[in-house]
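I have placed the structure first, in the form of structure tokens, so that the comments after it can refer back to it.
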Amino acid sequence: MGHKNYNTDAEKAISPGIASSHGGAESSDLPAAHQLHRQLQNRHVAMISIGGAIGTGLFIGTGSALANGGPFTLVFGYSLMGLMVWTLMCSLGEMIAHLPIPGGHLALADRFFSPSLSFTLGWSYWYLWSITLPTELSASALFVGFWTVKVNMAIWIFIFLLIVALINLGGVRFYGEMEFWFSSVKVITIVAVIILGLVLDLGAVTGDMIGFRYWKNPGLFAQYADVPGAAGRFLGFLSVLVSAAFAYVGVEMPAIAAAEAKNPRRNLPRAIKRVAGRVLGFYVLSTIIVSMLVPSNEPRLRLTTATGAKSPFVIAIHNAGIKGLSSVINGALLSFTLSAASSDLYISSRSLYGLSITGNAPRFLAKTTRNGLPIYCYIIGIMMGTLAFMAASHGKAGIVFGYLANMTSVTGLMSWAGIFITYIRFRDGMEVQGFDRAQLPYQSPVGVTGAWCGFISCVIITILNGFRVFLKDKWDVATFITCYFPVAAFILLFGAHRWWTKAGMVEARHMDFVTGSDADAEEEEIPPKNWVEKVWRALM
């Protein structure tokens, strides 16, 4: 049975808020002054996702994970978490390819789970990217300090904030084009570093073949916090799992970009299927190379400052005696953080826009310019970016900002859990209404079982992410707060909204699978004319 037979007038009479109260309005149903524009091409969407998931965490975070867990645990942990991310993208892809609506998974939560979950996820997600923006800006200024410390850090922050603001001011098409080239630099850099790492491991530079030497000495596993035996190895695995989960946060960005993508029913499934595999491949290959090049007991892996100096790739290059490449890697990291900052402003502004059109934020925030830029959301995003000046402070302001930034990681995990549980309810509604999944542009190969596994994994990692504070003599109030305050805040927000609005869970028989499913007429795809176009289409 096709979806055209569902959500009849009779059903809508039972639940009159089905289009407005559950899932917001589709962009084309909004006044012209409140509409986004579909200007992102397939290559833009693909690179936005890659750019969101691959950042400094790949170059720096893998080093800390190696030190905490050892080489085998590093590779296994990132691979395992990569599979969960693939499951996430499959679940999200099935929903968003069918309903590429403004607000992405935040609006889908309103339509298929409850307004309270949408409200809580929306504001949490906006907080995540609004605080990540100044974090990336301050990191960019820190990387410049690799070359010179004569210029005040605040001046660099101002320059980078201005660049990011101008990129987003040009509208979604200009942003998409810039992010495409930024992310292309990321991909080229990662491929080059993986190849270089393999060359170094084989001894082509030093004449000393490393192979898997460091898997034997100091060994496959590291003892976390010097805890002896199996307990220390298990804690090391937990630490790597947490690091890996946080490194992948951002891969879900295409859901927010879906409302501005051309031909979403065709292009989004392509982007999701290809990007998830590439991100997994980049991380797994990189962790294998890292585990071969640097021993887990290397002291530089435990540097407290997140600069290029603690990158395992930089350490390997330095150990090989190659001069000048450290500066190149630092330059690449600078481009990574600028790309991330640009994406942060884009996602935070669209998240706030999604909150507005679903009634969870003031309506005036939905106003857009002629090129489809949600102008007030954009301005608020820039204002949040100025918190980077607070991050540059070495006093109490800098410490407070550090707490705010550290809480974003847990928020990302809870957003994933929200996507999984929304998908489970999405499938419940399909089953109750007799919806034919064969009509969907994309079907998740892992289905509800995979979503449940992903949801449970997110909950477990969220609960265990601050496990280190419960170890003997490791109690730290600041760490406990940054790890668990976001969880308490999420529960309180959800409960307060449900109490205030009296809004319960959306009944499966009232779920709307129609509004927004035919967002725009799909343009006919032009077949490739030559082998160059065939290769390009395969890549993008």
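Readers should treat all values here as calculations from the given coordinates under stated rules, not as data from a laboratory. Worth saying up front: this structure is predicted, and the values here are computed from it rather than measured. Backbone-built Cβ (ideal geometry, glycine too); neighbour counts: all protein chains shown.
For the peptides 114-121, 287-294, 173-180, the ranking by packing is 114-121, 287-294, 173-180, with the highest mean count of neighbouring Cβ atoms within 10 Å listed first.
The slack between Asp476 and Trp499, meaning 0.36 nm per residue of separation minus the straight C-alpha distance, is 4.9 nm. The trypsin sites (Lys or Arg not before Pro) of region 423-494 that meet both conditions, a loop assignment by DSSP and at most 12 other Cβ atoms within 10 Å of the site Cβ, are Lys472, Lys474. All distinct Cα pairs of region 40-504 go into the 1/r average, and the inverse of that average, the Kirkwood radius, is 22.6 Å.
Using the per-residue mean of other Cβ atoms lying within 10 Å as a proxy for protection, in what order, highest first, do the peptides 157-163, 63-69 fall?
On the way: 157-163: 18.1, 63-69: 27.0.
Listed from highest to lowest mean packing, they are 63-69, 157-163.
With a 10 Å radius around each residue's Cβ, average the other Cβ atoms per peptide and rank 149-156, 374-381, highest first. The partial results should precede the final answer.
Numbers: 149-156: 13.2, 374-381: 20.0.
With the highest mean Cβ count within 10 Å placed first, the list reads 374-381, 149-156.
How high is the relative contact order of region 363-507, in percent, counting Cα pairs under 8 Å that sit 6 or more residues apart?
Working: 83 pairs, mean separation 30.4, N = 145.
Computed value for region 363-507: 21 percent relative contact order.
In plain terms, the residue of Val249, Val410 with the fewest other Cβ atoms within 10 Å comes first and the most crowded comes last, giving Val249, Val410.
The phi-based Karplus calculation (6.51 cos²θ - 1.76 cosθ + 1.60; θ = phi - 60°) puts the 3J(HN,Hα) values of region 410-417 at 5, 4, x, 5, 5, 5, 4, 4 Hz, whole numbers, x for Gly and Pro. Here region 40-504 is assigned +1 on the Cβ of each Lys and Arg and -1 on the Cβ of each Asp and Glu. Its dipole about the Cα centre then comes out at about 420 debye. How far is it, in nm, from the label point at Arg437 to the one at Lys367 when both lie 7 Å from their Cα along the line to the Cβ? Roughly 4.5 nm, to one decimal.
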